[in-house]
Structure formats: structure tokens, C-alpha cells
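Input: a single structure, listed below in C-alpha cells.
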4 protein chains.
Amino acid sequence: MSNSIGEKFRITSFGASHGPTVGAIVDGCPANLELSAEDIQKELDKRKPGTSSVTTPRKESDEVQILSGIFEGKTDGTPIAGVVFNKNQHSKDYSMFKNTPRPSHGDYAWMMKYGNYDYNGGGRGSGRVTIGHVIGGAIAKKLLKTQGIEIISHVTQIGNVKAENKDLTSIKENIEKNPVRCGDLKAAKEMEELILAKKEEGDSVGGIVETIATGVPAGLGEPVFERLDGDLAKVLMNIGAVKGVEIGLGFDVATHSGSEINDEFQIENEKITTKTNNSGGIIGGMSNGMPIISRIAVKPTPSISKCQDSVNLEKLENEKIEIKGRHDPCICPRLTVVAEASTAIVLADHMIRSGFIHPTNLDY
Amino acid sequence: MSNSIGEKFRITSFGASHGPTVGAIVDGCPANLELSAEDIQKELDKRKPGTSSVTTPRKESDEVQILSGIFEGKTDGTPIAGVVFNKNQHSKDYSMFKNTPRPSHGDYAWMMKYGNYDYNGGGRGSGRVTIGHVIGGAIAKKLLKTQGIEIISHVTQIGNVKAENKDLTSIKENIEKNPVRCGDLKAAKEMEELILAKKEEGDSVGGIVETIATGVPAGLGEPVFERLDGDLAKVLMNIGAVKGVEIGLGFDVATHSGSEINDEFQIENEKITTKTNNSGGIIGGMSNGMPIISRIAVKPTPSISKCQDSVNLEKLENEKIEIKGRHDPCICPRLTVVAEASTAIVLADHMIRSGFIHPTNLDY
Amino acid sequence: MSNSIGEKFRITSFGASHGPTVGAIVDGCPANLELSAEDIQKELDKRKPGTSSVTTPRKESDEVQILSGIFEGKTDGTPIAGVVFNKNQHSKDYSMFKNTPRPSHGDYAWMMKYGNYDYNGGGRGSGRVTIGHVIGGAIAKKLLKTQGIEIISHVTQIGNVKAENKDLTSIKENIEKNPVRCGDLKAAKEMEELILAKKEEGDSVGGIVETIATGVPAGLGEPVFERLDGDLAKVLMNIGAVKGVEIGLGFDVATHSGSEINDEFQIENEKITTKTNNSGGIIGGMSNGMPIISRIAVKPTPSISKCQDSVNLEKLENEKIEIKGRHDPCICPRLTVVAEASTAIVLADHMIRSGFIHPTNLDY
Amino acid sequence: MSNSIGEKFRITSFGASHGPTVGAIVDGCPANLELSAEDIQKELDKRKPGTSSVTTPRKESDEVQILSGIFEGKTDGTPIAGVVFNKNQHSKDYSMFKNTPRPSHGDYAWMMKYGNYDYNGGGRGSGRVTIGHVIGGAIAKKLLKTQGIEIISHVTQIGNVKAENKDLTSIKENIEKNPVRCGDLKAAKEMEELILAKKEEGDSVGGIVETIATGVPAGLGEPVFERLDGDLAKVLMNIGAVKGVEIGLGFDVATHSGSEINDEFQIENEKITTKTNNSGGIIGGMSNGMPIISRIAVKPTPSISKCQDSVNLEKLENEKIEIKGRHDPCICPRLTVVAEASTAIVLADHMIRSGFIHPTNLDY
């Protein structure tokens, strides 16, 4: 298994839902970035369940400890180990899943591939491993902020409820005012109702999360096989429950003519920009200086309490399964934090790779 | 720049549109695979322009030579170099693009990033570099065929014309019968008309290409950061003109409940399968034994003959641009070959990485 | 900084001498290997200082905890995190080294490169980080043992005292009987005396450590750039204090003719072997089935209590330095454990890469 | 097989002794380096056989062509493909080696590992593949020269004949004056005689090659697992026929005390240097600003015309072998070029990785 992502700014993630810890090693962060556990905790708290009506009522405190890589309040160029010790990990009996894979969960593939599968709480296939992403992302975000780059994710659709387009300032403000982390407060209300209705039914619902990165200079990404859009697509598709990724206009490009959506150039305040941003800030695999915009399609949480058909792998016969427990009826709000983190990791990596951030020492 | 893709089955691509060659090194193909230049030429011929009404009328012969890696008609485990020598590469004057980037082309980012940009025919940013992908993909396809894996790409949408769903056998037959490579002959006719109308206008149009891989065993892909869906998303998004990638239901998951789209298990002929394949053959980042289905959103070719706004980079002032020449009004038909190749490269790589194909010698 | 080694069996190391922890993530160990903290502790105990007359009298308990990767007593294919929490790490004042680099230590280069250097106990430049190597090596050794591969390191020279050649069985027995871990008990006695004499003088002494790996099949290593000898040379030279690496006859080849040292083939018990093993088990960059033999040159510990010339980096003027404390007068005995671990990591990696060990599941 | 080396400045080599070509792709060279085929040809000519009494009288013209990566006389950041087309590659019958491996050649391991081995002229195991190294090295040297870094390799020992230490200027001058490429003209004469005597006997002889790199700034190399000494050791040990690598004092450190060989600091012309350079310019895995000095042990060419014992792999019985042909009686003189190239590749890579050379554009 390979649990690393990034070339120069590199995350190696470890741990499982019900094992002793989940965490990540961040290697390649230059020295002299001010960093404390609080910088990471702040992001983890946004991801934490049990904080609103629309997430699972499970409580997880998720306190991070930094085990290495900081000297006198600053990174020193050595690997940063961030760890969350799991609590109460043996609180529940999962043995009914040992031989009976849950539909649309990774259980079956894990069992086939590794033959020794920690089925408790989904093991390393659990959404809980995204704590590692968020640890890495928090550090990446702090590093990017020194260069004027900011990243924000928000929910744009839940089921058939779609948010209206808002300007970036409104989005930033609004997502803090509703549990769905939607930038349109009116839609947010409807989304919340839809999620609660699905929860009531023991069902779940999908949605779409958009991520906007501003302040990114032109020239990130390496044409052909290490393109910025390819790397974003990989890291975003890698998030559990994501089934689609698009940049800029995305799938809408299919229905358009070149003359309708080509991004023409202009000079604005002596700077070259494009009049439109249908490309979503990436063209030819490289950033072009415009905001980078991606969207991910998030499937409904597969853990539902309705009765479903499965099979018993040992007996090779049909078996019904009901997944009791307190699951997120919609994972989109919490995934906004993971989408931000994943985007930040890719951008931090490419900022170093392209020579915008010094590889060893921020003070150079 | 990094021009390699894949970990064990690894392609390193090189060359530019109007340089001496384009080609690729394929490293990591196990020994004892029967392979000849014809195996590669067959795929290159499908990609070649000038073969139908809907592609550019430019003629490119694109004859591949194998410069290494074959001994007595079989791979010998050493790197396979495949090269196409460009012909007539100095036939046209591109100097008007030297300081005037084409809208929605990579020109501007290339100039910013590298400062020495071969603007002739788009240089290494040209679609012509996908010859390297196809060389790698042809070898990957031959390798996968020894394991019963087949990959087919077809056009499912052009503009607002959508193909109806057909069974795989019909798709395979039908795509050979129409220049659009669409599996639905009725839609194909409409698509062709739409493309020709856009061509007439000096404009272009986008579309969607679907890729289906059958025979893939359960267990490809490494959870968390080297997932099969993440690797497919990367390689597909890396194809020039692609702005979105989806797996299985893709963006449609947003509007569904878990109970509607979870793939329940069943036992069919003593084998475990799922009743539906909304996951598109990948779950938890790993293949589950069902067909692997992806879709890419392809933007309209940005090279259009209509007048567009650009800027002169040297003078830092506005400048109009008209892109004359014989461009593909719709790149989707030719991209089917590149999507197949890219998918094949990822699957071949993961077949070796997961232990299904021996890493050094097919005869083991 | 990159703190990882290995392609398929991959160690990512972290932590510093006086930070909260030192440890390592081992990624890519196949599932179903029986593994416990004791397997690792056993190796760490051999590395631990304070256990004999010839090492530093510093006491370090070095208790390892496994934080992930084990399910029901066996590896489950997910990353294994092994951590040692440092104790009493703030016991001493190192501030005199803040601006005054110690001769033949990494201090100066660290300061130049990273600009924020944890000088306490040498920070991440300390020999204490080899705890990460040993954690990785212990797991690698257990994995290799399932394939009949064993690795043993022993001291063959200290200063001018050289051990006589012994057979492998004697070496294994004898190294447990003397604090120097030398296979020749007579030489061991002289070596111990020499080390104690140097310790008395506040000085240190160098030596040579040999590593022998038996049971390695023919065919490990990839010709040209990922050769087995190249990978061993890298990992062995990477050990702090090592200034030379040789395989088989090593530097002695310079003085010989081909006819004297070529390893001729023979058939022994229906197996092909070589009559001599001057190649040290590696030829053309690949293992040939004979024992793999390497030797490393270990410099005298640079921390000596004698007065030395240094410079003050802030004032840019000459400054004397005396390094008080309880240092190893000779690091060779403790490095045997690190040499074994490093060799094991490379061999485990190549056993998977070459298809001898299944990449995901030992039970296949 | 993996045929690449380097992380940012990356060589991918391909081709075999008697196949159509040998060559290399150089990826990651920044744009705007002036480069022509002549820059590479100059280095290849030094490696070429048939130019003196002490090399094989085989004639190989070895003309390089650059197939990509240059625009208007300068690199443009895209991969540089350099290729030599082999001539007269079918001139000789090698079929007697098909089942009878040559002693101390890679034949046996190749056959075991890949099962389809191009035995003609040693296939990809031939020294001829170092043409790829030299292509990469020539570009690396040109890139390093822009930073004031120079690399020179010379022969210091052949058999028991040892060169006296000379200053760098004399070495540079003297190696051009004798076919052995030795810096001490008196020793060179004796070395030449020794080689010719061995040639006469149908035998061969080993030696030692030293490489000196000047102008390298402090701070190259990443502590722990990507150290500069480790990377040099890997790339040098990877050269066929090399059985040992040492840095600075090398194996001599074993016999010394810390007080004898520690490199004390001093201030010279307001710069910090060390009084001695026993560390060979690398300490703690990083360059310290002093000249980088390495030495490799080169075994006698295993191809000798004396009769040797081998086995027939098909019949599994003993078989005698005589290797006729025109082999180098001593490979050291030609390996100086390969050692320079290999060292240059590592240094160029680390200069980019450490931020001393901009990763995309030399003109930044």
C-alpha cells in the first residue's frame, strides 16, 4: 500500500478508525514557518463530527499532538508528525461485518486484496483517516498563506437543492452561519431540511462541494503528466465518497462552442487576466493566475439503516444486512474541510516544485 | 518538468509538435510479451488526423519505430523506446503567436513558466504529444489482453446530442461504423452533422467520452492516496481539453439517496457480483470486479478561426488574434484513442503493483 | 527534506534526539505477517546505549509502541507506525553549540541549509534517529525470515586490529559473547582494550562492519539505475559516520587480474553456484544466489572531549570548542544493528519488487 | 525494471549493445540553458573505445542526435532525448553465450530474472549503455558550469601501481597527456605498461578512479535518507564493474582517531572553511562547501580470453568458456568519463532540489 501524496511537500498518512491512532507525517515543509498544534486543531475542529444537526451525533474529541518537526515555535525542515490518539475505540461490536461486506463500502475489496481486514468502524477505509489529510492540509494552508494564497470550500448542491452563485466574500461569511457550510443561506436552509428528512428515513443523500483557491500565481503544474488539474483530480477523487471531479465549467463544456467559452485575454491594472474564467484557473495543465475552481460529486453515505442485500463471504450465500449506528446522513459539510486540505496539499507541493517557495528555508 | 506516469509500468514521454520527434519510453513491461511495431501502429492509426470528415484534414503519417526493448519478437524486460519522426515540421509560420497567447490554450502559462517556448504548432503543449500516450497505451493494452482485460472508449455526447445506452457488443461494432466513434448510430449521424456545422462556422464543439474496462479483477488500487479512481482521474484529467472526470454514476450521485444507488451484492454463478454498477467498478479506491466505467468532459477545441481578444506580452497591450489553419472542430473522436491508452497505462501499472502480473517475466 | 527509503517496502522516518519522539512509518509490508512490539523491541535493545563498557554510559530505555498497522496480531497491509517517546530530553544545556559548529559533525551544514537548527543533542542529525531505521529493519527482517533470508552484521576491524575470517556459525555465536560484536573472540578482546584506551584519552576510534545476508534468491535488483549494489551502497553510506561501502572483494579488486578473481560457475547438488564469491553475491547489479556481503568504513565518533578549533557563526571569528558528555568512543558495535536493519530494508523492498514476495498479502 | 535516476534532474536510459539504439531522456533540465549536440558529443568522444593502446581496438563512432527539448539553441524545459544509433550491431556471433553464462558477468542473473535475454554483446548489461549516463552527464555538467561547479575524474591506481597526489591543476593537465587518464605522469607510464602486459596475457586488471567536484555550495543533500553521500554512493556503485565507493578518507577512517581526522573549522578570507578535508566535502549527508571527493574500486574486466569454468543452463552440466574478442584489458580510463557523468547528474539534481538552481527557468 502506498500512503503518501506529494513530491516535495509530502504527506504520509497512517492509522485506522479503531486502532490506537490516526495521523500523518508531513515531509518537505521548509524551515521557519511558524506552526503550533492550534493551527492544526482549528482545522480538525471543523471536520469533527457531533457538532451540528446534520452530522453524526457521535462525539470525537480529536486532539492533535505534534510529535516532531518544530523547534522554537517554527518548523525546522524535518518531518512533522501529527497524531490523534483514538478514544473509546472498542465501544461497539462490528463482528457482523466480518464476513458480510456492506454495499457500496470498500469492505469487499479490502477483504479480497489484503485478507486481514480490520472491519471495526471501517478500519483504514473509514472517513476517520481523513484526519491525516486535514493535518497535512492545515500545515499546507499556513504555508500558502505566507504567499497570499487562500482556499475555501463550500457546499453548492445537496440532492436537488442548488445554491445560487455568490461572491467570494459572501460565501466565506455565510458558510460559517449554517451547518451545511453552504454559501447561499436560503438554499442552506432547504439543504438542512432535506438532510434531516433523509436522516429520519434512515437514508442518506449526496451533493456537490466547490473549492476556490485565490492568489495562485501563473505557472504551477507541469505539462503532460504532472499537470495541476491532473494532480487536483487525483487528490480530490481519492477522497472517499467522491465520484466525480471537474475544473472550471467542468462537464458543461460538452454543450458549448469554443467561441462561447474560450477565455479571452485583457489587461486590467497593467496585469494580464482573462475576461472569463471558464478554465477554472488552469490551462494546459498549468495555473494561469486566475482563481482555481474545482467541484466534486459526493455520493450519499453508503451506511444506511435500511435493510440491504449482501452476501456471506465464508458461506458464499446471500445475507441481509442492516447498518445500525449514528452515521452522517450527508457527508458533504464535513468533506468541505477535506477538500480544502487536499487542495492545499497539492498547491503547496507545486509552489515548491515550481520555485515559488524555497524548498528548504522560508527565510531565504 | 516531469514527463513520466506510472510506478511499475512507467511511461516517459518526450518531443514536441514541430521538433524532430515525439515518442515515449515504456519502462517496467515484463519480459516475454510478444510485441511488434504493428501493435503500436494499429492504435496510432486510430488517433491519426486526416482520416474523416470530422477531424482536421491535416495529413500526418505517424509511423512508429521501436528503438529498444524487444528481443526475438518479445519484450525482454528492458525499456521500450517508441518514436515517431515528425515530417514537414517547418511548413507553416507560427511567429504571430510568439508574443500573443491564444485564448484557452496553454501558451500563456508556458511562456510565464519556462521563458523559452516553442510556439510552433503548440510545441510540447500540442495534442500531438499524445502519440506518446498511445505508444504506451498500445503496449499496456497488449499486456492487459493476456489477462483477459479489454478497454473501449466511445463518444456519448457532442454538444447537446446524447447517445442512447447500448450494450457493450453493439458499442464495439458501432464505433467502427461512424467517424465520431459513437456507439449509437442514430446519435452518431446527428453528432457528425453538428460537428460539420461548427466547422463551417469556424467554431468548435465539446463532448463526452466514456471508457469501459472489462475483465479487471477485484483488488486493484491502493486505498487512501494511490486509489485506482484517483489514478484514473489524474491520467484522464491530464489529457489536454479535459475539464471533468467521473466514475460510475459520477455527478448524478449528488441527486440520489443511498438507498437508491448503493450497489447491493448477489451471488451469480457462484461468483460475487453487485446487482447494479453505480460505483463504476471502483469502491473504496479499489476495483471490485465489475466493469470500470469513466467519463471525461472534453472542451471545444480552443483553436477557432473567429476573431478573439488577446494581448501582446511584450508591449503589454491588447491585440486581436485569428487562428487560421485546419483544426479539429471536435477533438472527441480522436480522444477516444487517448482515453483508452491512458486507462490502459493505469490498469497495467496496478495489475503489476497488485501482484496480478509478475513484475519481471510474464512466463513465471 | 525527504525522509523515506524504499519503493514498495518503504520507511518514512521522523523525530529528533531531544524532541518528543523518534519513529518510523513502514508502508508496503504485505498483510498477514505476524508482528508484535516485541519483534521490534528485541532489535532496539541491541542498538540501545549504556549496555556495555564500550558504549556511552547514557541510559536510554527506548521502548517502542506500535500505533497502527496490526490487526489481530498480524499486519493488515496498512502502514505500521512505530514510535519511541524520548525521555529526559531536556536534561542538558547544549546552547554553547548554537553558533559554534562541532568539527566533523553535520551542525554547520544544517545551519546553512535550514536556518532553524535544533542543536540539542544533534537534533535530527543525531545517531538517535537510527531508531527509525531499526524499527523498519526489524519488520523487514521478520518478513525476510518467512523466505529463509537471514542477515548478520559483525565488526571486522577497530583501528588497526583486524578480526580473522570465521565461518558464519562461529560469527553468529561469537558476536553475542563480546561487547564489540566481533566474530573473532581473540581480536574482540584487543578491540575492546583499544576502545577503552581511546575513551580514557577523551578520543575515539573508527572501524569496519561487515554484513552477510544468506538465502537471497538470484534476480534481486534492477540493472542500470536500480541495482541491488547501488541501493545497498546508498542505504549503507546514508548511515551517519560511514565513509565507504564495498561489496565482495571491494577495494581489493583494484590489485587483481580478472583471471584471479572471476567467480567461475559450478554445479553443486544440482544447483548452479559459483566456486568463489568475490562478487559478494551481486553481479550486473543483481543478486546471483550467493551470500551478499558488504563492508562499511565507520569513522571515529567526531564528539571528542579534546579541545578543537571551530568558529562562531554569528561573530564570524575563531572559537575553541570542547565537547563534554558521555559519547561512544567507538560507534561500530552499535552500528552493526543499523547495518543489519538498513540491509534488511533494501532486501525486503527488492523481494517485493522482483515478485518473490506478494505485494499485498503474504498468504497468497 | 527501472531505468531512471534523479528526482528533479532525471535521466531515463534505454537501449542495448546490439539493439537499434542506446540513449537517454533528460527530464527536468530548466529552460534557457544553451545546449547543442556538440556539448554531448565532446563527452561521448572521451568515452569512445578504440582511441588508444589501452582500450579495446573496437571502433564505435557513437554520434549523438538530440531528438527533442531544444528550441532556438536553448533548452526549453521539455525532456531532452539524446540518441546514438548503433552501427554494425550484427557483426559477430554470440550464440555460444546463449546458455553459458560468462563468469563475473551479469548474464546468469539476467537469464534467471527476465527469461528473455539479449546476450549479443551483453545486451543491456553491456558497458555500452553508459552512453546514456554520459548523455545525461554532459547536460548536467553544462548546467553545473553556470553555477561555477566543475567535476574531474582521474585514475589513481591500476593493479599495484598508485599515482602520487597532485594538485588539481596538474591533474587536469596531465590526464589529457596519457591514455590512462592518470594525473601523475610517472605512474601513468607504469600503469600503461601493466595494462598492456595484461592485454598480452589475455587477462585484465582493476584499479581506482577518483572524482573531484569543486565549487559546490554548502547545503546539498537531505539528511537521513536522501543524503548527498548516499546518492553519490548509489550512482557510483551502479556503474558496472564498481565494487566499492568511498568519500574523503574513505576506508582509511577505520584506522584513525577522531582527534587525528576531525576537520576543524577556520576563517579564510572571511569565509568559513575546514583546515583539512578528510570528510571529502560531505558531512551529515550534506555538502559543506569544500571539494567533494569520491573514489571507486573498479574490478578487472571479467571478459578475458583465458579458458574458464561455466555451466550449460539447459543441460545443467559443466562447460568451459573462452571469451574471444577485443575487450578492454582495463576499463578504468574509460570509466573516468562515466564517473564524472554520474557525479554531475547527482549534483545537478541536488542543486535544483536544494533551491540553488531554479527548477523551471535558468533566467529567473
Inset, instruction - Would you mind counting up the charge near residue A:210? Only other residues with Cβ under 10 Å from its Cβ, with Lys and Arg at +1 and Asp and Glu at -1. - result: 0
Inset, instruction - Mind scanning A:275/B:315; A:320/B:275; B:42/B:172; A:315/B:145; C:113/D:271 and naming the pairs with a C-alpha gap bigger than 24 Å? - result: A:315/B:145
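For peptide C:12-23, what's the mean number of Cβ atoms from other chains within 10 Å of each residue's Cβ? Don't skip to the answer; put the middle values down first.
Values: counts 10, 7, 12, 7, 7, 0, 1, 9, 8, 6, 3, 6.
That average works out to 6.
Give, in nm to one decimal, the length gained when the segment between residue A:264 and residue A:315 is fully stretched (0.36 nm per residue of separation minus the Cα-Cα distance).
12.1 nm
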Inset, instruction - Could you work out the per residue convex hull volume over the alpha carbons of the stretch A:239-319, in cubic angstrom? - result: 171 Å³
Inset, instruction - Kindly write out, for the stretch D:298-308 in residue order, the coupling ³J(HN,Hα) from the Karplus curve 6.51 cos²θ - 1.76 cosθ + 1.60 (θ = phi - 60°), rounded to whole Hz, with x marking Gly and Pro. - result: 10, 6, x, 3, x, 6, 10, 8, 5, 5, 10
Inset, instruction - On a C-alpha basis, how far is the centre of the stretch C:107-178 from the centre of the stretch B:1-57 in Å? Whole number, if you could? - result: 46 Å
Legend entry - Amide H contacts under 5 Å for residue D:304, placed H, 5+ residues apart: D:323
Legend entry - In sequence order, calculated HN-Hα J values of the stretch A:322-330 (Karplus, 6.51, -1.76, 1.60; Hz; x Gly/Pro): 10, 9, 6, x, 9, 9, 5, x, 8
Legend entry - Helix-only mean residue ellipticity at 222 nm for the protein assembly as shown, each DSSP H run of n ≥ 4 adding -39500 (n - 2.57), per residue, nearest 500: -8000 deg cm²/dmol
Legend entry - Copy-to-copy label separations for residue D:85, where each label sits 7 Å from Cα toward Cβ, in nm and ascending: 0.6, 6.9, 7.0
Legend entry - Shielding by partners - mean other protein chain Cβ count within 10 Å, residues of A:198-211: 3
Inset, instruction - Output the relative contact order of the stretch D:174-325, whole-number percent, from Cα pairs under 8 angstrom with separation of 6+ residues. - result: 28 percent
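May I ask for the percentage of alpha-carbon pairs in the protein assembly as shown that lie more than 44 Å from each other? Present the calculation step by step, with values, prior to reporting the outcome.
Numbers: 448007 of 1059240 pairs.
Cα-Cα pairs of the protein assembly as shown separated by over 44 Å account for 42 percent.
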Inset, instruction - Let me see the pair-distance distribution of chain C: every alpha carbon pair, 20 Å bin width, integer percents in order. - result: 28, 57, 14, 0
Legend entry - Sites matching trypsin sites (Lys or Arg not before Pro) across the stretch C:87-168 that sit in DSSP coil, with at most 14 neighbouring C-beta atoms within 10 Å: C:87, C:92
Inset, instruction - Mind checking which chain D residue has its Cβ closest to the axis relating D to B, and how many whole Å off it is? - result: D:12, 2
Inset, instruction - Return the average number of partner chain Cβ atoms within 10 angstrom of each residue Cβ along peptide D:121-127. - result: 3
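Given N residues in the stretch C:259-364, what is Rg(Cα) / (2.2 N^0.38 Å)? Write out the running numbers ahead of the final one.
Values: Rg = 23.0 Å, N = 106, 2.2 N^0.38 = 12.9 Å.
With N residues counted in the stretch C:259-364, Rg over 2.2 N^0.38 Å equals 1.77.
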Inset, instruction - Kindly give the distances from residue C:34 to its copy-mates, label point to label point, with each label point 7 Å from Cα along Cα→Cβ, as nm values to one decimal ordered shortest first. - result: 4.7, 5.4, 6.9
Legend entry - the stretch A:316-356: C-alpha gyration tensor shape, a/c 1.5 cut-off, then a/b vs b/c: oblate
Legend entry - At 7 Å out from Cα toward Cβ: residue C:99 inter-copy label distances (nm, ascending): 5.2, 7.2, 7.7
Legend entry - Contact order relative to length of the stretch B:85-200, as percent, for alpha carbon pairs under 8 angstrom and 6 or more apart: 15 percent
Legend entry - Cβ-based exposure ranking for D:111, D:351, D:191, A:96, in which fewest neighbours within 10 Å come first: A:96, D:111, D:351, D:191
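Only helices at least 30 Å long along their own axis, judged from Cα atoms, and with Kyte-Doolittle mean hydropathy of 0.5 or greater: name those in chain C from DSSP H.
C:332-353
How high is the relative contact order of chain D, in percent, counting Cα pairs under 8 Å that sit 6 or more residues apart?
Numbers: 782 pairs, mean separation 83.7, N = 364.
Rounded, it is 23 percent for chain D.
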Legend entry - Förster radius 22 Å - calculated FRET efficiency between residue C:45 and residue C:185 (Cβ-Cβ, nearest 0.05): 0.50
Inset, instruction - Go through the stretch A:7-14 residue by residue and turn each phi into a ³J(HN,Hα) via Karplus (6.51, -1.76, 1.60, θ = phi - 60°); whole Hz please, and just put x for glycine and proline. - result: 9, 9, 9, 10, 9, 10, 9, 8
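Throughout, read-outs are computed from the coordinates displayed, never taken from laboratory work. No experiment lies behind these values; they were computed from the predicted model shown. No Cβ is skipped: glycine too gets one built from the backbone with ideal geometry, and neighbour counts run over all protein chains shown.
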